[in-house]
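Below is one structure; the comments refer to it alone.
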Amino acid sequence: MSKIHHIIVFLFVFSLLPEKTHATDLFKLLPDNTQISPFIPADSIAVLTKDNLQNHLNSATDIYFEYGFTSAITKNYAYELTTFSVDIFEMTDPESAFGIFSLFRDFKSPPLGIGDDSVEYDYQIAFWQDRFYIVIEGNDGSVETKSIIKRTARAISGKIGKAQKPEILKKLPQQYLLPRSCGTIKGPLALNRK
């Protein structure tokens with residue numbers, strides 16, 4: 001095989017690799033100030049990598065690695081006494097984002113219609129869409145806080161674009177499943193957690 005053929009084969013194979021997002025591209029997923037007014041950024045954006053994720057997540061870090069964590073950002077917002085934080089995790093693929101979401105969610109909670117699937121807790125909304133897992137957490141469970149974190153979740157979801165559900169979900173026999181009960185186990189830590 002000639003050198004030109006090797007180069008063409010390399011370029012073809014390289015083009016098939018999943019596209020990675022740089023942390024600065026994740027910044028574009030954050031809500032615009034107009035979308036969350038009167039809330040304003042309370043600090044600068046923190047970039048999370050494999051080297052510093054432990055500082056943010058504490059004990060759950062290894063499970064994120066098991067599911068294919070690539071990068072993340074976190075940002076805090078405030079208005080008067082109400083604050084909330086946004087964590088956007090990029091995983092290697094939609095199956096990984098679904099997997100980490102399914103590991104932490106309560107499938108009995110009703111979906112919110114945000115992203116591919118979403119769940120709301122007292123202080124938090126979590127959802128997955130495409131290869132992203134997003135957690136938005138408020139400082140209290142007031143109606144105002146729940147409203148702003150829901151508005152923020154919808155703004156972020158709108159910036160991600162069309163979602164790609166994992167193929168594995170399409171292959172399961174839907175008639176025998178409890179709604180939203182599926183999950184993926186990607187390693188021993190997740191298996192031991194379930």
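Screening the candidates Ala190, Ala155 for the property of being closer than 19 Å to Asp93 by Cα, open to solvent by less than 60 Å² (accessible area, probe 1.4 Å), in contact with a helix residue (DSSP H, G or I) (Cβ under 6 Å, 6 or more places away or on another chain) and part of a helix (DSSP H, G or I) yields one hit, Ala190. Here Thr21 fits the description: at pLDDT below 75, within 22 Å of Gly99 (Cα to Cα) and surrounded by 13 or more Cβ atoms within 10 Å (Cβ to Cβ). When the residues of segment 42-63 are filtered to those that are touching a strand residue (DSSP E or B) at 6+ places or on another chain (Cβ under 7 Å) and farther than 22 Å from Leu189 by Cβ, the one that is surrounded by the fewest Cβ atoms within 10 Å (Cβ to Cβ) is Asp43. Applying the set (1) surrounded by fewer than 22 Cβ atoms within 10 Å (Cβ to Cβ); (2) at pLDDT 95 or above; (3) closer than 20 Å to Ser102 by Cβ to Ile134 leaves exactly one unmet item: (1). Summed over segment 69-104, the residues that are under 19 Å from Thr184 (Cβ atoms) and either of a type in the set (S, T, N, Q) or touching a residue at least 40 places away in the same chain (Cβ under 8 Å) (or both) give a count of 13.
Scanning segment 64-102 for residues that are surrounded by fewer than 21 Cβ atoms within 10 Å (Cβ to Cβ), part of a helix (DSSP H, G or I) and of a type in the set (A, V, I, L, M, F, W, C) yields a total of 1. Under the condition of being more than 19 Å from Lys75 (Cβ to Cβ), open to solvent by 10 Å² or more (accessible area, probe 1.4 Å) and of a type outside the set (Ser, Thr, Tyr), the residues counted in segment 104-130 number 14. Within segment 103-137, can you find the residues that are of a type in the set (A, V, I, L, M) and assigned to a strand (DSSP E or B)? Val119, Ile125, Ala126, Ile134, Val135, Ile136, listed by residue number.
Restrict the check to segment 159-175 and report whether at least one residue is part of a loop (DSSP other than H, G, I, E, B), farther than 13 Å from Gly99 by Cα, out of contact with any Cys (no Cβ under 7 Å at 6 or more places or on another chain) and hydrophobic (A, V, I, L, M, F, W, C). Yes, segment 159-175 contains a residue that is part of a loop (DSSP other than H, G, I, E, B), farther than 13 Å from Gly99 by Cα, out of contact with any Cys (no Cβ under 7 Å at 6 or more places or on another chain) and hydrophobic (A, V, I, L, M, F, W, C).
Taken over segment 35-63, the residue count meeting the criterion of being out of contact with any helix residue (DSSP H, G or I) (no Cβ under 9 Å at 6 or more places or on another chain), of a type outside the set (S, T, N, Q) and not in a loop (DSSP other than H, G, I, E, B) is 1.
The values are calculated or read from the model by the stated rules, or taken from the named source; none is laboratory data. Just so it is clear, the structure is predicted and the values come from calculations on it, not from any experiment. Counting neighbours? That spans all protein chains shown, and the Cβs are built from the backbone with ideal geometry, glycine included. Note: accessible area is taken over every heavy atom of the protein model, side chains too, but ligands, DNA and RNA are not part of it. Shrake-Rupley method; radii C 1.70, N 1.55, O 1.52, S 1.80 Å.
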